[in-house]
1. Restricting to region 45-79, name every residue that is among the small types (Gly, Ala, Ser) and within 16 Å of residue 30 (Cα to Cα).
2. For residue 218, are the conditions met, namely being charged (D, E, K, R), surrounded by 20 or more Cβ atoms within 10 Å (Cβ to Cβ) and within 29 Å of residue 291 (Cα to Cα)?
3. Only residues in region 337-351 that are at positive phi and in the same structural domain as residue 44 (by TED's automatic domain parsing) count as the first member; pair them with residues that are at pLDDT 95 or above and surrounded by fewer than 18 Cβ atoms within 10 Å (Cβ to Cβ), Cβ under 6 angstrom, at least 6 apart or cross-chain, and list the lot.
4. Please specify each residue of region 97-134 satisfying the condition of being under 19 Å from residue 267 (Cα atoms), of a type in the set (A, V, I, L, M) and part of a helix (DSSP H, G or I).
5. Consider residue 293 against the criteria (1) of a type outside the set (S, T, N, Q); (2) in a loop (DSSP other than H, G, I, E, B); (3) at pLDDT 95 or above; (4) over 21 Å from the mean Cα position of the chain (by Cα): it satisfies all of them except one. Which criterion is unmet?
6. Give region 178-226 a look and list any residue that's under 26 Å from the mean Cα position of the chain (by Cα) and basic (Lys, Arg), or say none.
7. So residue 35 passes all but one of these: (1) farther than 30 Å from residue 111 by Cβ; (2) surrounded by fewer than 19 Cβ atoms within 10 Å (Cβ to Cβ); (3) at pLDDT below 95. Which condition number does it fail?
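The values are calculated or read from the model by the stated rules, or taken from the named source; none is laboratory data. In this text the structure is predicted, and so the values were computed from the model without any measurement. Virtual Cβ from ideal backbone geometry, glycine too; neighbours counted across all protein chains shown.
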Amino acid sequence: MTDIDERYEALADRVRDAAARGRALTIRGGGTKAFYGRRPAEDADVLDLRELRGVVAYEPTELVVTVRTGTPLAEVEALLAEQGQRLPFEPPHFGDGATIGGAVAAGLSGPRRPWGGAVRDALLGVRIVNGRGEALKFGGQVMKNVAGYDVSRLMAGSLGTLGVLLEVSLKVTPRAPLEITLVHELDEAEAIERLAGWSHHALAMTGTCHHDGRLYLRVCGGERALEAARRAIGGDLMPQAEGFWSDLREQRHAFFAGEPPLWRLSLPPATPPLGLGTTLHEWVGAQRWLRTDATAETIHETTRRTGGHATLFRGHDGTGEAFAPLPDALAALHRRVKQAMDPQGIFNRGRMYGWL
């Protein structure tokens with residue numbers, strides 16, 4: 001038995017012991033996204049995964065990488081960059097200690113999300129320990145192997161409530177050779193209208209942001225693609241724009257410097273301005289960050305009427321609900337999945353919803 005196999009078995013033993021005693025476990029990686037969601041149970045034992053580091057398999061020509069979940073996210077991205085590749089969902093770090101397992105468990109994507117896909121779209125397979133202490137493997141290392149694929153995707157954004165992630169296999173994509181950012185002076189309503197029109201054309205966009213009367217559009221590709229985009233989109237060329245998109249992804253942009261609360265709205269892209277407060281748009285308008293004094297009930301009801309939903313991203317007290325209320329049928333489905341994966345309810349108890 002290898003050293004890593006012994007670590008996996010030791011984790012499984014801890015889970016079996018906790019399940020037998022009904023003892024809650026808080027699964028932790030780098031802790032850079034501990035603010036997201038509700039606070040875990042205060043009396044829970046901590047299951048630290050940062051020692052589960054290293055690349056299990058990486059063949060650049062296959063566009064798939066398999067890594068242990070405690071591996072620093074920065075190390076994974078540096079490895080891929082050496083081969084001219086990247087994670088398609090452009091995950092935020094929110095700190096130097098971010099791990100690849102935390103990126104998957106949080107399920108958060110960066111500016112590239114509408115074109116590169118979400119975390120769940122890149123997740124091809126996982127190795128986990130479930131709530132019974134059983135070591136299980138779902139999915140595969142190639143896209144054509146879809147056995148158990150849906151179970152793998154359930155782990156993305158589950159905030160550690162369904163199992164202990166040991167390894168993840170992720171689809172990767174080539175980096176574009178060139179990148180530019182174009183800027184327009186537009187108000188919120190005009191930006192939404194323009195983006196709705198541009199989104200129907202093949203313009204190689206990989207990022208949009210609207211804030212404070214300015215619309216930023218990132219375009220990637222070869223020289224011809226960029227020339228075509230400049231003719232179609234127009235606007236001023238932004239110099240040294242890489243730092244802008246990095247600051248946006250990591251919430252270092254000036255908009256995020258204010259005091260909480262900070263809401264994250266997921267809406268149909270062409271939704272008109274909601275008039276709830278100060279906003280910053282991403283994802284062609286589908287993701288909107290909101291600062292407001294409006295009540296949670298007002299925000300949830302307003303976004304629900306548009307066909308979207310809202311999350312209290314930063315600034316909650318850790319006891320109330322951070323995520324949008326679920327319809328009864330969907331809440332019942334969450335409970336059934338939790339029961340199947342973690343029957344004793346020991347993993348990150350109450351982290352997603354107080355009742356889960």
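1. At the first step, the residues of region 45-79 found to be among the small types (Gly, Ala, Ser) are 54, 57, 70, 74, 78.
Passing the criteria: 54, 70, 74.
2. yes
3. So the pair list comes out empty.
4. 119
5. (3)
6. Listed by number, the residues that qualify are 214, 218.
7. (1)
To keep it simple, each residue is scored yes or no on (1) surrounded by fewer than 17 Cβ atoms within 10 Å (Cβ to Cβ); (2) part of a loop (DSSP other than H, G, I, E, B); (3) touching a residue at least 40 places away in the same chain (Cβ under 8 Å).
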site	(1), (2), (3)
226	no, no, yes
231	yes, no, no
246	yes, no, no
263	no, no, yes
276	no, yes, no
279	no, no, yes
284	no, no, yes
